[in-house]
Amino acid sequence: RTDSDEENHEDMESNDSGSLVGAVGGYDPDEDEEIDFENDFEEDFDDDEMFGDDLDLTEGLPEDIGADTGITDENKALLEKVRMNARQEYLQGQTSSTSSVRASDRLMRELRDIYRSQNFKDGLYTVELIDDSLYNWYIKIYKVDPDSTLFEDMKRLKESENIDHILLHTVFDDKFPYSPPFVRVVRPVIKGGYILAGGAICMELLTPQGWSSAYTMEAVVLQISATLVKGKARIMFSQAKGESYSLAKAQHTYKSLVKIHEKSGWFTPPKDEG
């Protein structure tokens, strides 16, 4: 990486997070073991499996999905509502391409798998669809490594502002899962943790260079949680109460981040440097 690249990246207020770190929940502060997304969280997909009949947009949701997978009635109803909306758009010709049909189908699978996930049921995080859109999520992270300073900061945030989570905004395009989601922190304002200006997140796996269609959204959420801890994230209580990041600034920072690393690659620091 050139001196110019270093200066540009420092302007975005963070260092690289080139290595993947252990997932929250199975976190061991004495280990720097990387997550194996493809083996630990998702098997390889082919089109027939990924977009199979059980989640075809032209079909209804299986009647027994709640009973068979442990999904609550409330979340089963939401899946049915979202599915019917997507189906109507498909039948009315509002779905513009094969890729968007595939994206919707994959996102339905992701949401279904999250709802039956033990991490979700244990309250590590939640997912909310913005305006019932499969392509626009709020993700709330409630639990991080209890031995971290971020954990203590989140306790203080709860006591001082009655906010008990870190809010992420996630946007998918119609090329998903072959292009990465755009993920940013909305609030609270965080220093460190590989969080850049506007709440953009400096993680290779969230860029076109590092993304794989085999990654699951639960794995991404757990990875972000672990990366915040590994990067020694601290909540900025000096900011105005309830202050949040700017979407436009996050998008600008993310685009700059991608350009820098397309040119210079990703640097993985030695383990003794974190």
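The figures follow:
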{"quantity": "Positions within segment 71-105 being modelled with pLDDT under 85 and more than 14 Å from TYR135 (Cβ to Cβ), in sequence order", "calculated": "ARG87, GLN88, TYR90, LEU91, GLN92, GLY93, THR98"}
{"quantity": "Any pair with Cβ under 7 angstrom, 6 or more apart, that starts in segment 87-107 at a residue that is open to solvent by less than 80 Å² (accessible area, probe 1.4 Å) and part of a helix (DSSP H, G or I) and ends at one that is of a type in the set (Phe, Trp, Tyr) and modelled with pLDDT under 85", "calculated": "VAL101/TYR90; ASP105/PHE51"}
{"quantity": "Segment 139-174, residues that are loosely packed, with under 15 Cβ neighbours inside 10 Å and either touching a residue at least 40 places away in the same chain (Cβ under 8 Å) or not in a loop (DSSP other than H, G, I, E, B) (or both)", "calculated": "ASP147, PHE151, GLU152, LYS155, ARG156, LYS158, GLU159, SER160, GLU161, ASP173"}
{"quantity": "Residue that is in a loop (DSSP other than H, G, I, E, B) and crowded, with 18+ Cβ neighbours inside 10 Å, where the choices are GLY198, GLY193, GLY123, GLY210", "calculated": "GLY193"}
{"quantity": "Extreme residue, farthest from the chain's Cα centre (by Cα), among residues of segment 219-270 that are within 13 Å of ILE190 (Cβ to Cβ) and open to solvent by 70 Å² or more (accessible area, probe 1.4 Å)", "calculated": "SER238"}
{"quantity": "Selection count, segment 231-260, where residues are in contact with a Gly (Cβ under 6 Å, 6 or more places away or on another chain) and either on the phi < 0 side of the Ramachandran plot or at pLDDT below 90 (or both)", "calculated": "8"}
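Conditions tested, residue by residue: (1) aliphatic (A, V, I, L, M); (2) modelled with pLDDT of 95 or more; (3) at negative phi.
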| position | (1), (2), (3) |
| --- | --- |
| LEU124 | yes, yes, yes |
| VAL127 | yes, yes, yes |
| ASP131 | no, no, no |
| THR149 | no, yes, yes |
| GLU152 | no, yes, yes |
| ARG156 | no, yes, yes |
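The values are calculated or read from the model by the stated rules, or taken from the named source; none is laboratory data. Just so it is clear, the model here is predicted, and its values are computed rather than measured. For neighbour counting, all protein chains shown are included, and Cβ atoms are generated from backbone atoms with ideal geometry for every residue, glycine included. Heads up: the accessible areas ignore ligands, DNA and RNA and are worked out on the full protein's heavy atoms, side chains in. Shrake-Rupley method; radii C 1.70, N 1.55, O 1.52, S 1.80 Å.
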